[in-house]
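Take a look at the structure set out below.
The values are calculated or read from the model by the stated rules, or taken from the named source; none is laboratory data. The structure displayed is predicted, hence computed values, not measured ones. No Cβ is skipped: glycine too gets one built from the backbone with ideal geometry, and neighbour counts run over all protein chains shown. Note: accessible area is taken over every heavy atom of the protein model, side chains too, but ligands, DNA and RNA are not part of it. Shrake-Rupley method; radii C 1.70, N 1.55, O 1.52, S 1.80 Å.
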Amino acid sequence: MPIPPQSGPATLDADVLVVGAGIVGLATARALLGRHPHLTVTVVDKEDGVGRHQTGHNSGVVHTGIYYPPGSLKAKLVASGRRALVQLCRERGLHLDVCGKLVVATDEAEAERLAALARHAAANGVAATTIGPEQVREIEPHVAGVAALHVPGAAIVDFEEVAQAIAGGLAPRGEIRLGTSVHAVHPDGATVVAETSAGPVRARAAVNCAGLFADVIALRSGATTDTRIVAFRGEYHELIASRRHLVRHLVYPVADPRFPFLGVHFTRMVDGSVHAGPNAVLALAREGYRWRDIDRREVRSLALSPAVRRLAVRHWRTGAGEVARSTSRRALVRSLQRLVPEVETRDLVRAGAGVRAQAVRPDGTLVDDFAIERQGRVVHVLNAPSPAATASLAIGDHIAALVAQVLI
Ligand SMILES: Cc1cc2nc3c(=O)[nH]c(=O)nc-3n(C[C@H](O)[C@H](O)[C@H](O)COP(=O)(O)OP(=O)(O)OC[C@H]3O[C@@H](n4cnc5c(N)ncnc54)[C@H](O)[C@@H]3O)c2cc1C
């Protein structure tokens with residue numbers, strides 16, 4: 001149903017305020033403007049550019065949806081989001097390479113889990129073929145495996161470039177205010193008012209897409225949520241230029257099904273470099289890109305959180321392995337050699353990190369699916385980890401439909 005033109009109090013800054021100019025916030029603004037011809041949208045971000053956090057620090061992989069439980073929001077939105085993203089990249093001439101990926105089993109136990117993954121892919125309608133060691137070598141001559149799942153639809157993009165392209169298409173009804181931090185969003189009659197570092201911003205509805213700070217903003221805004229965001233840093237290494245030929249496309253291990261991260265893998269980036277990683281270590285600051293980034297308040301909050309303690313008890317073994325791979329390059333190389341035996345320690349240099357926003361429940365379990373909730377006039381995106389960049393355009397549509405319930 002079309003939304004009527006702005007008709008509220010004269011002091012309205014926009015119909016909809018979006019907090020966060022990451023790819024999810026920008027895609028939300030795009031979807032709102034695309035659906036409703038009279039709407040105005042203001043996107044606010046504390047940084048001085050768009051896509052400065054998760055969106056600008058990830059693997060750049062357009063996922064196909066082999067991992068997610070059939071019927072989940074992730075499975076649904078990654079399928080339509082992937083199609084829309086590929087179309088957007090083609091239309092706008094953005095970097096895109098549909099290079100395909102291999103999920104490689106290195107022993108019989110992993111081959112069994114690979115078979116389960118193949119069934120999962122089929123249930124989600126994703127084209128994927130199980131291949132033997134000879135076919136693995138044909139696709140990736142330096143990769144060793146007893147079997148692999150070949151997923152030809154996996155692709156690579158530059159999500160920061162995509163975010164900038166989306167941002168560039170929002171005018172004239174969409175405005176982006178950078179360098180403006182939002183503290184909270186409060187209801188005020190038939191509007192909401194955001195307290196920001198540049199003064200109040202009033203709108204008819206708001207969307208909280210603040211990524212690593214989404215739970216903080218939700219709680220300050222009076223939302224009820226029992227999950228909290230835990231920041232997991234993913235550190236990357238890069239193959240030196242003379243060894244890039246070891247990996248042609250995307251090479252993944254068979255992921256541990258108890259953990260939402262995909263295991264250290266090789267990713268060819270759109271600039272031709274090959275990244276190894278990311279691992280997953282607990283960050284001691286929400287935007288803790290390095291071990292030395294420590295926010296004492298965050299550390300205290302992590303230490304006092306029963307959810308985090310239960311999480312640590314559940315996953316201490318995996319966590320210890322991740323810390324070992326973070327602090328010892330030899331441990332990292334041993335993991336990588338399972339996939340590509342020729343990789344040596346001297347072939348790798350450090351290549352930055354990203355920090356994932358992962359919601360955790362009070363019982364210490366990780367929220368697996370996307371969590372997007374409307375509470376009154378505010379939609380809160382409480383969990384949008386991978387593959388949210390791939391799914392962003394579909395997530396934007398999903399959120400736009402929730403916002404429309406408030407505005408109509
Ligand atoms: C290491 C790593 C690898 C990944 N690999 C992939 C991949 O290959 N494929 C894939 O699909 N996904 C991947 N992801 C996941 C993907 O990057 C994220 O799911 C996606 O970028 C989330 O986008 P977002 O807009 O929700 O968050 P973000 O990009 O983090 O944006 C949130 C924005 O909110 C702003 N903000 C926060 N607090 C405030 C405040 N108080 N006031 C104003 N602004 C605020 C921040 O500055 C930021 O710009 C990866 C993530 C990581 C970290």
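Accessible surface of the chain, 1.4 Å probe: 53 percent of it comes from carbon and sulfur atoms. Between the helical axis of 306-327 and the longest alpha-carbon principal axis of the chain there is an angle of about 50 degrees. Spacing of the modelled spin labels on residue 304 and residue 292, each 7 Å from Cα toward Cβ, amounts to 2.9 nm. Across the range 322-408, Cα-Cα distances exceeding 15 Å account for 72% of all pairs. Scoring 45-52, 393-400, 185-192, 291-298 by mean Cβ neighbours within 10 Å over their residues and listing the highest first yields 393-400, 45-52, 185-192, 291-298.
Angle of helix 329-339 to the longest C-alpha principal axis of the chain, folded into 0 to 90 degrees and rounded to 10: 70°.
In the range 58-197 the Cα-Cα distances spread across 5 Å bins starting at 0 as 2, 9, 13, 14, 14, 12, 11, 8, 6, 5, 4, 2, 0, 0 percent of all pairs.
Distance from the Cα centroid of the range 12-42 to that of the range 319-343 is 42 Å (rounded to whole angstrom). Extents of the range 101-152, largest first, come to 30, 24, 12 Å (Cα atoms, principal axes, whole angstrom).
Extension gain, residue 373 to residue 171, is 70.0 nm, computed as 0.36 nm per intervening residue step minus the present C-alpha separation. Beyond 30 Å, what share of the Cα-Cα pairs of the chain is found? Please give it as a whole percent. Of all Cα-Cα pairs in the chain, 41 percent lie more than 30 Å apart. When we measure straight from the Cα of residue 76, which aspartates and glutamates land under 18 angstrom away, once same-chain ones fewer than 8 places off are left out? Partners found: 368, 369, 373, 397.
Per-residue extension of 0.36 nm, minus the Cα-Cα distance of residue 95 and residue 328, leaves a gain of 80.5 nm for this segment.
The three principal axes of the C-alpha atoms in the range 128-216 carry coordinate ranges of 65, 29, 23 Å, sorted with the longest axis first.
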